[in-house]
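Asks: Below: one structure in structure tokens.
The values are calculated or read from the model by the stated rules, or taken from the named source; none is laboratory data. Note that the coordinates shown come from a computational prediction; the quantities given were computed from them, not determined experimentally. Here the Cβ positions follow ideal geometry from the backbone for every residue, glycine too, while neighbour counts run over all protein chains shown.
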Amino acid sequence: VSDDTRFPYGYARPPGGGPMGMGTMLTFAEMMTKSTVFNLHPEVQRRFHALIEAASKAGVPLGVGTGWRVQPNPPPKGFAQPGNSWHESCPVAPTSQSALAIDTVPEPSWNWMEQNCAAYGLRTFRNVNNEPWHIQPAEIPAGRNFATTLPPIQTWELPGDEDMPLTDDDIKKIANQTADAVWAKAFDTTGKEAQVEPQPARYLLQRTFLICQQYLGSYGGKPMDTYRPSWLKQILDAVKK
Ligand SMILES: [Zn+2]
């Protein structure tokens, strides 16, 4: 899917008739200029973007009617009390990128969404309030219960996502694997295991960093969280040669 892909936005119907929500089609970049999308939590934006791209690839138009909103007061029938909806910022004021819920459009796409959203770390409210249009992160409580602090939301590994940022544990694991590979190569090179002195861990770490520099090129000055699994796989493959 290219960046030119357009997704349903808002609740307008097409001029010639059709489902509510199909009247305005925007790219994701255009959606991000709208406060109802911009004020969603960045991880919710990331999961939602992946979900609607997958839908588009499957020929299913899926987009956003309302993400972030100011909860109407008094609430109409079916609306949560102000301060008690994940559609609002958290805390409610000031407005910030912290809304967690999205009401999606159009209706004909909700069955596809129901069957596919779990892989994107999202759940619907089909069986909560009979709201098949409403999605929010799968790991948070269904109800806000007037929370004023955000629940923990982690980076979800999306389907086919090779480039998700690594956690500290991931980096440690890969550094250890790299050190092991360097160690194994040292033995292979001599072919005489008995003659190889046990190498201090510091030496292995230096070797690991040298290899990182050599194969990433831009290692110096890069924050650790910019490492990508695909790059580190290249390092490991190179070390094993
Ligand atoms: Zn909702």
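Asks: Could you count how many residues in segment 101-151 are in a loop (DSSP other than H, G, I, E, B), within 14 Å of the ligand (Cβ to nearest atom) and touching a Gly at 6+ places or on another chain (Cβ under 9 Å)?
Replies: Selection size over segment 101-151: 4.
Asks: Another one. Does segment 82-91 hold any residues that are more than 10 Å from the ligand (Cβ to nearest atom) and either within 13 Å of residue 36 (Cβ to Cβ) or at pLDDT below 95 (or both), and which are they?
Replies: Matches in segment 82-91: 88, 89.
Asks: Quick check on my filter: what residues within segment 14-35 are assigned to a helix (DSSP H, G or I) and either under 18 Å from residue 61 (Cβ atoms) or in contact with a helix residue (DSSP H, G or I) (Cβ under 9 Å, 6 or more places away or on another chain) (or both)?
Replies: 28, 29, 30, 31, listed by residue number.
Asks: Considering 94, 75, which residue is modelled with pLDDT under 95 and within 16 Å of the ligand (Cβ to nearest atom)?
Replies: 75 is the lone residue from the list that is modelled with pLDDT under 95 and within 16 Å of the ligand (Cβ to nearest atom).
Asks: Check 56, 89 and return the single one that is outside any loop (DSSP other than H, G, I, E, B), of a type in the set (S, T, N, Q) and in contact with a Ser or Thr (Cβ under 6 Å, 6 or more places away or on another chain).
Replies: One residue alone meets the criteria, 56.
Asks: If you check residue 43 against the conditions, is it acidic (Asp, Glu) and at pLDDT below 95?
Replies: For residue 43, the condition - acidic (Asp, Glu) and at pLDDT below 95 - is met.
Each row is one residue, and each column tells you yes or no for (1) over 24 Å from the mean Cα position of the chain (by Cα); (2) among the aromatic types (Phe, Trp, Tyr).
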{"residue": "28", "(1), (2)": "no, yes"}
{"residue": "34", "(1), (2)": "no, no"}
{"residue": "52", "(1), (2)": "no, no"}
{"residue": "70", "(1), (2)": "yes, no"}
